[in-house]
DNA sequence: CATTTTCTTAAGTCTTTCTTAAATGTCGCC
DNA sequence: GGCGACATTTAAGAAAGACTTAAGAAAATG
């Protein structure tokens, strides 16, 4: 298991590196963002621990770059920035976990274990279908770059379909994604929302399969 | 996106449930571990938020149980227990994230988004017969790579035949696949659909065995 | 608490698909 | 080769399903 620590504070990095090695990991250390990027480009890494206050590159920008380089690579942000907005921004930018300094080393190890046992692939925070771009975090959807305001239910339907492109969802399945237990609905709400979605995002994005349901993003 | 909150403190749960719903999630709430387990058994969930101080079951034991029931289901622990050993134990027992109370709701949402980015790869069951490719998930059928639009009944017949290639199906057997009990039909519908299928997919795919029924030949 | 937005319902319209039945075609047996 | 049984084709009316619209109810927002 090979870990890359991107951290500019040398003395802090030193201690962490040593402790990680003691815990049985092979550890690389990069003191700058540019350096870190080169390590990731070289491949062979299983997990990246990223400090945000780097001297040369904005941490979140680097994070997005690394994601592009290796989309499945788990990235844990480890930083002194404990403001809520920083956490949310970091996680939404594609980080898999966010730990603030000062931290308990045992917790870092546990969170590394969580990330390293994960074997399912991870999706980008943004989804793209043709000329439609879906930002899960901001509930913002763009058609040809232009922001379209979606209501909550519209977004929920779109997201459900976008989670599994090429898979048909029956109305019942979609309702399950929209309504909590006890809130079931007995009308053609889904149809109406789909209709409104199509008005906003174009008529070809969501297709209907007669007698079966709705589907997004397959060629048929 | 369907979230289950397992939490015994009713007033806290109420607030969280409402806020989650406002964020666009379908939310189920279980006040006991046993209840929570039943929700998970029922399926349809995308993520579980688990409180550890439950009245009836030890939280970690429940966590392990849920993991067995649905191994890919993301579980986030949300608890007042902020001791390091609790965190480590929770994460090592199989939780995907661990958030301590009191918490910022925005952070919970961000961490839910992280977990929902994971998508369990789904096997796409495809059946192939000569130059005909059948995709069950998308209800798509291709002839020489080109998508052919099939109606519901046509697809049902083709799927029935394709499920057991080389086996002859009588008209009665095929009708059983098309109609629910009580909907029986008294004409040559099956023949008509087979005819339309052949028009779309070539005349050799579905063969007739005189006096017996229809069969899908793998040698086409 | 008033205003605005979003959600649900339901009814009407439109489209596709299903069924029916009758005509035509084919096989195999006498 | 002709006859009867079975299979295929055709077309039209019926039925089912999808889409659209609008209005009242509910929920969010300030």
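Which count do you get for residues in region A:63-101 that are outside any loop (DSSP other than H, G, I, E, B) and either more than 20 Å from residue A:46 (Cα to Cα) or without any contact (Cβ under 8 Å) to a residue 40 or more places away in the chain (or both)? Total satisfying the criteria: 23.
Quick one: how many residues across region A:118-142 are surrounded by fewer than 16 Cβ atoms within 10 Å (Cβ to Cβ), within 16 Å of DNA strand C (Cβ to nearest atom) and away from chain B (no Cβ under 12 Å)? The qualifying residues number 1. Filtering region A:183-213 to residues that are part of a strand (DSSP E or B) and within 11 Å of DNA strand C (Cβ to nearest atom) leaves A:208, A:209. Considering B:69, B:115, B:54, B:60, the condition of being on the phi < 0 side of the Ramachandran plot, under 24 Å from the mean Cα position of the chain (by Cα) and more than 11 Å from every other protein chain (Cβ to nearest Cβ) is satisfied by B:69 alone. Filtering region B:17-38 to residues that are away from DNA strand D (no atom under 14 Å from the Cβ), crowded, with 22+ Cβ neighbours inside 10 Å and part of a helix (DSSP H, G or I) leaves B:33, B:36.
Scanning region B:119-141 for residues that are assigned to a loop (DSSP other than H, G, I, E, B) and either in contact (Cβ under 8 Å) with a residue 24 or more places away in the chain or within 21 Å of residue A:93 (Cα to Cα) (or both) yields B:119, B:120, B:130, B:131. Scanning region B:102-118 for residues that are touching a strand residue (DSSP E or B) at 6+ places or on another chain (Cβ under 8 Å) and touching a residue at least 24 places away in the same chain (Cβ under 8 Å) yields B:103, B:108, B:111, B:112, B:115, B:116, B:118. Against the numbered list (1) at pLDDT below 95; (2) touching a strand residue (DSSP E or B) at 6+ places or on another chain (Cβ under 7 Å); (3) facing chain B (nearest Cβ under 8 Å), residue A:87 comes up short only at (1). Among the residues of region A:145-162, those identified as away from DNA strand C (no atom under 11 Å from the Cβ), closer than 20 Å to residue B:22 by Cα and either at the interface with chain B (Cβ under 9 Å from one of its Cβ atoms) or free of Cβ contacts under 8 Å to residues at least 12 places away in the same chain (or both) are A:159, A:160.
In the set A:178, A:201, only one residue is in contact (Cβ under 8 Å) with a residue 60 or more places away in the chain and in contact with a strand residue (DSSP E or B) (Cβ under 9 Å, 6 or more places away or on another chain); that residue is A:201. Residues in region B:166-190 that are exposed (fewer than 13 other Cβ atoms within 10 Å of the Cβ), within 12 Å of DNA strand D (Cβ to nearest atom) and either within 15 Å of residue B:151 (Cβ to Cβ) or modelled with pLDDT of 85 or more (or both): B:172, B:188. Among the residues of region B:146-182, those that are closer than 19 Å to residue B:217 by Cα and in a loop (DSSP other than H, G, I, E, B) comprise B:164, B:165, B:166, B:167, B:168, B:170.
The values are calculated or read from the model by the stated rules, or taken from the named source; none is laboratory data. Computed from a predicted model, the values in this text were never measured in an experiment. Because the Cβ atoms are built from the backbone with ideal geometry, glycine has one as well, and the counts that use them run over all protein chains shown.
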